[in-house]
1. Ignoring everything except DSSP H segments at least 4 long, calculate the 222 nm mean residue ellipticity for the chain; use -39,500 (n - 2.57) per segment, divide by total residues, nearest 500.
2. Measure nothing fancy, just the Cα-based angle from helix 158-167's long axis to the longest principal axis of the chain, in degrees from 0 to 90, nearest 10.
3. Considering Cα pairs under 8 angstrom that are at least six residues apart, work out the relative contact order of region 300-364 and quote it in whole percent.
4. Could you rank the peptides 519-530, 540-551 by their average count of other C-beta atoms within 10 Å per residue, with the highest value first?
5. In cubic angstrom, how much convex hull volume per residue do the alpha carbon atoms of region 302-416 span?
6. Computed from the coordinates I sent, Cα Rg over 2.2 N^0.38 Å equals one of [x] 1.15; [y] 1.03; [z] 1.07. Tell me the label.
7. Based on the Cβ-Cβ distance of residue 129 and residue 213, what FRET efficiency does E = 1/(1 + (r/R0)^6) give at R0 = 45 Å, to the nearest 0.05?
8. So how many Å³ per residue does the convex hull of the Cα atoms of region 6-295 work out to?
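Throughout, read-outs are computed from the coordinates displayed, never taken from laboratory work. Just so you know, these numbers come straight off a predicted model, no measurement behind them. Here the Cβ positions follow ideal geometry from the backbone for every residue, glycine too, while neighbour counts run over all protein chains shown.
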């Protein structure tokens, strides 16, 4: 019997794009910019903008949503008692008509410790008292629950706020994350581990950003696409209006004037939350006018090129090894950090999309090949996208809980930056030990590993014993901490070399995760390693060829796959030098930015 696999293509016809604005204010916020605005005015503008759902997210209060519900309840009571006037009846009928078309969600925008903002959005069935209790748990003073103040004193820290909101059932979003009061803290000279914690926490469901449609390659969404070593969890990035008025004026947007479209089975809070809990990042896109072309996820992915979390294959034929290369990527992504594979398109944006002739047949063939060739079972989600008028297969590959995964029974592949390679002995050992530490089991030859006594491992001592990984709505990744020696975060370093029998054997250190692989020769090395070993063995390095900035320097800058890469050098306190080869832009941080001339 064939194994079951998530095939999103079969369900895509039942899904619909809905425009939503999940961040707007009402007159209940003290900093609202217009006088005399009624809640009906907000609903009218939402309908005019074609929105299917909006969220009232006033500052530190749910009073705006409560006031609208109270107005409707009063009108309904007067109608029932036969005391309603003609104007009031018309008002009630308009409310009913608009609320049939626009779902209004209750919520609030918390001012957390140090002024960072966090949105909590709730199911309309949630009692308002429950939402107010959540505000109290977040240390918003009881006397200010209806004030709508932007500042309410010392509340709670950001990470604790995420947890309390999620426990209350809220959809948790970091608003204007890349701007003022944003948790990404862009433009600030500090952040470090705090920024990682604020943007990678599992209780945070999405980042709202202001540059979702920016033409710049290094926008916020690309920063949080899972390719950064210290930000391995890919984040849903959306946009919202943050409206403090009905219609926009200058830089101040109005209701629905910067919205997001979400692909849903129905327009409900439950469906909306499920979309943000999923690993399908093509289910959200910037909302555009009906006269404009929809956002092209494939084109956006191509702009970032191949990375540690995405790859491209123009063909899927067996001839020429194209199908085999796709399967290698499936195994590599599953063994590493998960990722997305696009089939039917080249990573070169100058090459028109080739596409697949028969989308359903292509997906079926890929499913069958994965079932037949990859072990253990990989829960890949296959779906179809359109780019340049061509059908493209998109494969969402999760990071697997039963690593290592193998191709054809024995071949183990891993993803190193933009390259898929067959794992070496030390890397296989690291895969096994890491998977065992996460599951707290001793790996067996049989796929059903049995529970065992906890071995003495520092990092896993806090993990409760279990025979299977704890199920989560989406695969989370652990952010990696910055190396204590201040090395770049991508590329490789040769830490040791010895000669045996006339052959030089090198120890390669992966700067992304700090792992080391021993006994690498020039003939056995993969591409980046081979490059570093060749320079090392030829003795081409010389300190006088380095452009120094203090104790850090740039030796080479070159392009690989159209992206800049750097060979960098660091001078230790004792005068010794460390050379870092093939550092990509994702690995540049701190003082290294000045060395390579990179702007924030």
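1. Only helices count here, giving -8000 deg cm²/dmol.
2. 60 degrees
3. Value for region 300-364: 37 percent.
4. Highest mean packing first, the order is 519-530, 540-551.
5. 95 Å³
6. [z]
7. After rounding to 0.05, the efficiency reads 0.70.
8. Looking at region 6-295, the number lands at 152 Å³ per residue.
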